[in-house]
Each structure stands twice: as structure tokens, then as C-alpha cells.
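Sharing a structure, written as C-alpha cells. Questions coming.
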Amino acid sequence: MNPFILATLLFSLGLGTTITFASSHWLLAWMGLEINTLAILPLMAQQHHPRAVEATTKYFLTQATGAATLLFASTTNAWLTGQWDILQMYHPLPTTIAILALSLKVGLAPLHTWLPEVLQGLDLTTGLILSTWQKLAPFALLLQIQPTNPTILIILGVTSTLIGGWGGLNQTQLRKIMAYSSTAHLGWMILALQFSPSLTLLTLMTYLIMTSSTFLVFKLNKSTNINMLATSWAKAPALTTLTPLILLSLGGLPPLTGFMPKWLILQELTKQDLAPIATLAALSALLSLYFYLRLTYAMTLTLSPNNVSGLAPWRLPSSQLTLPTAVLATTTICLLPLTPAMLTLLTL
């Protein structure tokens, strides 16, 4: 792709998200989401592969449906209350419709079915943008909506954690596994949203760090399915040693970074007398942990079938920058001791 066109698209991507962040009016927020969607479509279709074009079409139709529903919700809210302000969503009907529209845009279960299919059709770099940056604008709106009916968020959260865990169990494609992982993590965020928005923000930040480092590792190894992970020992032995820790951090095991948000969310749910929901969420985390362990096993304890035993496959050196991978991997593994500092920042 032409560098000037690429720069324009990336600038538009940032602009759309920034407009949504900065807006207090529903129409401006909707416009930001639309700019965001239109900017990523050429990046998704740049491979000119049938799967990429199919994924782009599916993504466009889904996001257009979500945006149209959101516009309908905000118009209904203006009609019922006379307010276009995002913080003035007091009527239960438009609030519920807006939450469902934004859930469709980020890929919360049961509105998640587009996400694995779309992510599978993209290359790892665009998949990384879709799994991280594209979640920010809808989440900024979800954080601002005060739900009149809290049950819907709990239902969406529990469904997402369960389906995100179950869906990834039988997958062999890494991008589909990351899509279900994304749905499960978003479910955890939604569970804490109405009780502690700052905790949801912390969970979102840790999710972005962990997902980015995982995608960058896969990109460095050029791995797209589980079997290709087995060759990574020959490409980057040091990284192959660290990757299981990154994957287990995604699964939420102590003493890794991923344990922090899960621990705090379970604590918050218990404080709110929602112990059964907390138990269900903790059990669903075991499902996710199983497929992360599966990836760990494939990467470290299996060898790719080689005709000549012990020879590293011939390869070209990777042109990918390793500094972002190193920084993100370190953050993914080592952030748990800073939990008290994080909590202090949250309460400021």
C-alpha cells in the first residue's frame, strides 16, 4: 500500500476514535464511530485475498448495523427526553438499545458471531488493530451510559465469559482463538462496568497490553495455527521461553499481570452480593485457561515434524521491530506487584 494512503488511513483511524472520546453529543460520537469503521476497511481488504474481502464485507455490514441501531437509540432518546447528551440517557428503552448496539460493535456475546470469522480472514497486523484499537471508541461510550436496568450488563458479561471460554476450546486457528479470548475478556469488563468504571478501564488497559504482546509474538513467528507454533523454538528460542508466560497471563494465572483485573473484579462482584455471578465467571476463566495451556503445550513441549532431527529450518531474518514486543511482553508478565499503586490511581 502507498505510504501516503496508509498514513491517511491511520490518521483517520485515530481521528475517528478521538472524536468519539471528545464528544458529549450522540451525533458526534456516531460520526466518530463511522470514520473509524470506514478508515479500517481498506486496511482489512489490502491483501486482495477472497477471505480478506469476505471478512471486510462481514465487518462492514456488522458495524453498519451497530451504527444504525445506535443512531436509532439516540434519536429515540432525543424524542422521549429532548436530550442529545450522552450522559442524559435516562429512559430504559433507548439505553438498552444503545448498550446492545455497542455490544454488537465490540463483539460481546451473544452478538459476537461475526468476530471470529472476520479476524480469521485478516493478517495479524490488521487483526491486532481490530482486537485493540477498534474496541476503544465503543467502550468510551459504554462507560458513559448509565444503565437503568443493570441486569442486561450482567447477562451480557456472564454470557460473554462463558461463550468466550467454550468457543475457543475446539479451535486450531490462532486468530479465532484470540477472537474468543477477546469476547471472554470483554465479558469480564462488562461485569464490573456498573459497579466500578475505573476498574473496567484498568481491565481494558491490561487486556490491550496482553493482546498486543500475543499478536506481536505470533507475527514474529509468522504463526497462524497451532501446528505452526511448534516451529517457533528454531526461530526465536528466547521468545519461545517467554511466550507461555504471556499466554498464561492472558488466562489470568498468578503471579502474572492478567491475574490482577480478574482478582479485583471477583472482589468487586463479591462486595455487591453477587457471589454466584463471581463463581460462574471464575469457572468460565478455567475454560479459557485450557486453550491457553493447549497453545503453551504446542509451543514448548512439541516439535514440528522434521526429516532431519535437530536441524533448525532455514529462514530469513525477521524485519519486525523487537522492542515493542519486548516492552509489551515484560509488562504482560511483571505488572502484578504494582497492583496497590494501580488501586491508588483508580481511587484518585
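Select from the range 133-172 the residues that are polar (S, T, N, Q) and open to solvent by 20 Å² or more (accessible area, probe 1.4 Å) and list them in ascending order.
Here is the first cut: in the range 133-172, the ones polar (S, T, N, Q) are 134, 144, 146, 148-149, 151, 159-161, 170-172.
Gln144, Gln146, Thr148, Asn149, Thr151, Thr159, Asn170, Gln171, Thr172 - these are the residues of the range 133-172 that are polar (S, T, N, Q) and open to solvent by 20 Å² or more (accessible area, probe 1.4 Å).
To continue, here is another question. Is there any pair with a first residue in the range 185-197 that is closer than 13 Å to Ala282 by Cα and a second that is outside any helix (DSSP H, G or I) whose Cβ atoms are under 8 Å apart and which are 6 or more apart or on different chains, and what are they?
So the pair list comes out as Gly187/Leu108; Gly187/Ala109.
Out of everything in the range 206-230 that is β-branched (Val, Ile, Thr) and over 14 Å from Ser182 (Cα atoms), what residue ends up being least open to solvent (accessible area, probe 1.4 Å)? Write out each step before concluding.
If we filter the range 206-230 for residues that are β-branched (Val, Ile, Thr), which is where we start, we get 206, 209, 211, 214, 217, 224, 226.
Then keep just the ones that are over 14 Å from Ser182 (Cα atoms); that gives 217, 224, 226.
Details: Val217: 1, Thr224: 38, Ile226: 22 Å².
Among those that are β-branched (Val, Ile, Thr) and over 14 Å from Ser182 (Cα atoms), it is Val217.
Check every one of the helices (runs of 4 or more DSSP H) wholly within the range 196-295 and list those with 1 or more residues that are among the basic types (Lys, Arg).
Passing ranges, in order: 197-221, 232-235, 259-271.
What number of residues in the range 260-287 are without any contact (Cβ under 8 Å) to a residue 60 or more places away in the chain, crowded, with 21+ Cβ neighbours inside 10 Å and hydroxyl-bearing (Ser, Thr, Tyr)?
Residues flagged as without any contact (Cβ under 8 Å) to a residue 60 or more places away in the chain, crowded, with 21+ Cβ neighbours inside 10 Å and hydroxyl-bearing (Ser, Thr, Tyr) within the range 260-287 amount to 0.
Inside the range 107-163, can you point out the residues that are free of Cβ contacts under 8 Å to residues at least 40 places away in the same chain and assigned to a helix (DSSP H, G or I)? Break it down stepwise before answering.
Going through the range 107-163, the residues free of Cβ contacts under 8 Å to residues at least 40 places away in the same chain turn out to be 111, 113, 151, 155.
Across the range 107-163, the qualifying residues are Thr151, Ile155.
When you go through (1) touching a residue at least 60 places away in the same chain (Cβ under 8 Å); (2) surrounded by fewer than 19 Cβ atoms within 10 Å (Cβ to Cβ); (3) closer than 22 Å to Leu328 by Cβ one by one for Leu253, which number turns out not to apply?
Condition not satisfied by Leu253: (1).
With respect to the numbered conditions (1) touching a helix residue (DSSP H, G or I) at 6+ places or on another chain (Cβ under 7 Å); (2) modelled with pLDDT of 90 or more; (3) not charged (D, E, K, R), which one is the sole condition not fulfilled by Trp263?
(1)
Residue pairs, Cβ under 7 Å, 6 or more apart or interchain, first in the range 57-73 and closer than 10 Å to Pro94 by Cα, second of a type in the set (S, T, N, Q) and buried (at least 17 other Cβ atoms within 10 Å of the Cβ). List them.
Short answer, once both residue conditions are applied: none.
Considering only the range 5-22, how many residues are out of contact with any Phe, Trp or Tyr (no Cβ under 9 Å at 6 or more places or on another chain) and open to solvent by less than 20 Å² (accessible area, probe 1.4 Å)? Break it down stepwise before answering.
Going residue by residue through the range 5-22, those that are out of contact with any Phe, Trp or Tyr (no Cβ under 9 Å at 6 or more places or on another chain) are 5-12, 15-16, 18-19, 21-22.
Now narrow it down to the ones that are open to solvent by less than 20 Å² (accessible area, probe 1.4 Å): 16.
The total comes to 1.
Taking the range 39-48, which residues are polar (S, T, N, Q) and open to solvent by 70 Å² or more (accessible area, probe 1.4 Å)?
From the range 39-48, those polar (S, T, N, Q) are 46-47; that's our starting set.
Scanning the range 39-48 gives a single hit, Gln47.
Turning to a different aspect of this structure: Select, from Lys58, Lys105, the only residue that is among the basic types (Lys, Arg) and within 17 Å of Ala140 (Cβ to Cβ). Steps first, please.
Values: Lys58 fails: within 17 Å of Ala140 (Cβ to Cβ).
On inspection, the qualifying residue turns out to be Lys105.
Within the range 67-82, identify whether any single residue is open to solvent by 60 Å² or more (accessible area, probe 1.4 Å), modelled with pLDDT of 95 or more, within 24 Å of His112 (Cα to Cα) and β-branched (Val, Ile, Thr), and answer yes or no.
no
Only one residue in Thr300, Thr296, Thr339 is in contact with a helix residue (DSSP H, G or I) (Cβ under 6 Å, 6 or more places away or on another chain), over 30 Å from Thr151 (Cα atoms) and modelled with pLDDT under 90. Which one? Show your work before the answer.
Numbers: Thr296 fails: modelled with pLDDT under 90; Thr339 fails: over 30 Å from Thr151 (Cα atoms).
Matching residue, one of Thr300, Thr296, Thr339: Thr300.
Let me ask something else. Among Ser212, Ser288, Ser249, Ser223, which is closer than 27 Å to Trp133 by Cβ and more than 16 Å from the chain's Cα centre (by Cα)? Lay out the reasoning, then the answer.
Values: Ser212 fails: more than 16 Å from the chain's Cα centre (by Cα); Ser288 fails: more than 16 Å from the chain's Cα centre (by Cα); Ser249 fails: more than 16 Å from the chain's Cα centre (by Cα).
Only one candidate qualifies: Ser223.
Oh, and also: Would a scan of the range 49-60 turn up a residue that is of a type outside the set (Asp, Glu), outside any helix (DSSP H, G or I) and open to solvent by 20 Å² or more (accessible area, probe 1.4 Å)?
Initially, the range 49-60 is screened for residues of a type outside the set (Asp, Glu), giving 49-53, 55-60.
So of that shortlist, the ones also outside any helix (DSSP H, G or I) come out as 49.
From what is left, the residues that are open to solvent by 20 Å² or more (accessible area, probe 1.4 Å) are 49.
Yes: the range 49-60 contains one or more residues that are of a type outside the set (Asp, Glu), outside any helix (DSSP H, G or I) and open to solvent by 20 Å² or more (accessible area, probe 1.4 Å).
The values are calculated or read from the model by the stated rules, or taken from the named source; none is laboratory data. Since this is a predicted model, take the numbers as computed values, not measurements. Positions of Cβ are backbone-derived with ideal geometry, glycine not excepted, and every protein chain shown enters the neighbour counts. Note: areas computed on protein heavy atoms with side chains; ligands, DNA, RNA excluded. Shrake-Rupley method; radii C 1.70, N 1.55, O 1.52, S 1.80 Å.
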